[in-house]
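Note sheet for the following structure.
The values are calculated or read from the model by the stated rules, or taken from the named source; none is laboratory data. Keep in mind the model is a prediction, meaning the values are calculated, not measured. So basically every Cβ, Gly included, is an ideal-geometry build from the backbone, and we count neighbours across all protein chains shown. We work out accessible area using only protein heavy atoms, side chains counted, and drop any ligands, DNA or RNA first. Shrake-Rupley method; radii C 1.70, N 1.55, O 1.52, S 1.80 Å.
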Amino acid sequence: MEWIGDARLAAGPEATWYLETAFTPGKHLGTVYDDPTTPVVVTGIEEVTTIRIPSGRLVVDAPWHDDETWEYERGLPTRPPRELAVRIPPGTYRVEIAWTAGPYEFFGEHFDGVACAATRLSISDDPVVGWEMGLGVDDNIDRLQPGEQIRFYSDANVGCFADAGAWTALAAPFRAYVDGGPVPRDSEQLPGWCERVTDESQQADLVTFTAESGGVVWLGRTKTGDVAAIVVTSGMPGAKA
């Protein structure tokens, strides 16, 4: 029996085009701002690391929130992370970034315009036949307005994938504050300004990635409905996906 998704969560034509194009090297994702003659080109897909999700429960959220630093410093309770409602098989998965380039000039200086178009957690290599927004465990689909995109927010433009079962330990290095400022954290530095934190006691990981204003989470479904990919795109209102 083939998968039939909920129309309220389904990616529209523009979002579908973006999700499929962003991970196809050589494709054009548009043109440089204020320069319609220069295309923004997908230059490649980079595997930045792998991540262990032993619980099969996935958090996709900012690893810290600026409006909670007072609570972090005092060890007070904070709101729970945005855990996805969907479950994935426990395992180790690739974290990949789709890179684009759109050269531009600013005040006489030339820039290569390299940017992250989207970040992908690759669950399997099975073909994706449809995309839908990923609900959080606390999201109510019945409250979703037509055209509304569910997203997580990040003041620091940083998001993360993390095992939900080990969230407290994995997020702790990002939430250590003294005298109003963050404490330097011991994390593995990865390509693309990403970081990796591990909790060996639970064999679980957290991996950060660039997330402009947060992000929208998309689930790539196979014809049987299994999740083959989880993709995060820009959290900016009005973005294509």
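Among the residues of region 195-229 satisfying the criterion of being among the aliphatic types (A, V, I, L, M) and under 19 Å from residue 100 (Cα atoms), which is surrounded by the fewest Cβ atoms within 10 Å (Cβ to Cβ)?
This residue is 216.
Select from region 10-34 the residues that are within 30 Å of residue 135 (Cα to Cα) and not in a helix (DSSP H, G or I) and list them in ascending order. Can you show your working first?
Of region 10-34, the ones within 30 Å of residue 135 (Cα to Cα) are 10-25, 27-30.
Hits for region 10-34 are 10, 11, 12, 22, 23, 24, 25, 27, 28, 29, 30.
Can you spot a residue in region 47-55 that is of a type in the set (S, T, N, Q), touching an Asp or Glu at 6+ places or on another chain (Cβ under 6 Å), surrounded by fewer than 21 Cβ atoms within 10 Å (Cβ to Cβ) and at pLDDT 95 or above?
Pass one, region 47-55, residues of a type in the set (S, T, N, Q): 49-50, 55.
Then drop every residue that is not touching an Asp or Glu at 6+ places or on another chain (Cβ under 6 Å), which leaves 55.
Now drop any that are not surrounded by fewer than 21 Cβ atoms within 10 Å (Cβ to Cβ), which leaves 55.
Narrowing the set further to residues that are at pLDDT 95 or above leaves 55.
Within region 47-55, one or more residues are of a type in the set (S, T, N, Q), touching an Asp or Glu at 6+ places or on another chain (Cβ under 6 Å), surrounded by fewer than 21 Cβ atoms within 10 Å (Cβ to Cβ) and at pLDDT 95 or above.
Among the residues of region 142-159, write down those that are open to solvent by 50 Å² or more (accessible area, probe 1.4 Å) and more than 14 Å from residue 119 (Cβ to Cβ).
Scanning region 142-159 gives 142, 143, 145, 146, 147, 148, 153, 155.
With the condition kept exactly as written, say whether any residue in region 138-154 is modelled with pLDDT of 95 or more, touching a Leu at 6+ places or on another chain (Cβ under 8 Å) and among the hydroxyl-bearing types (Ser, Thr, Tyr).
No, there is no match, as no residue in region 138-154 is modelled with pLDDT of 95 or more, touching a Leu at 6+ places or on another chain (Cβ under 8 Å) and among the hydroxyl-bearing types (Ser, Thr, Tyr).
Results for (1) in contact (Cβ under 8 Å) with a residue 12 or more places away in the chain; (2) among the charged types (D, E, K, R); (3) under 27 Å from residue 104 (Cα atoms), shown as yes or no for each residue.
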site	(1), (2), (3)
6	yes, yes, no
12	no, no, no
17	yes, no, yes
23	yes, no, yes
26	yes, no, yes
38	yes, no, yes
45	yes, no, yes
56	yes, no, no
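Filter region 108-128 for residues that are at pLDDT below 95 and open to solvent by 80 Å² or more (accessible area, probe 1.4 Å); which is nearest to residue 217 (Cα to Cα)?
112
Which one of these does residue 37 not meet: (1) open to solvent by 40 Å² or more (accessible area, probe 1.4 Å); (2) part of a loop (DSSP other than H, G, I, E, B)?
(2)
Is it the case that some residue within region 56-70 is modelled with pLDDT of 95 or more, surrounded by fewer than 20 Cβ atoms within 10 Å (Cβ to Cβ) and of a type in the set (Lys, Arg)?
no
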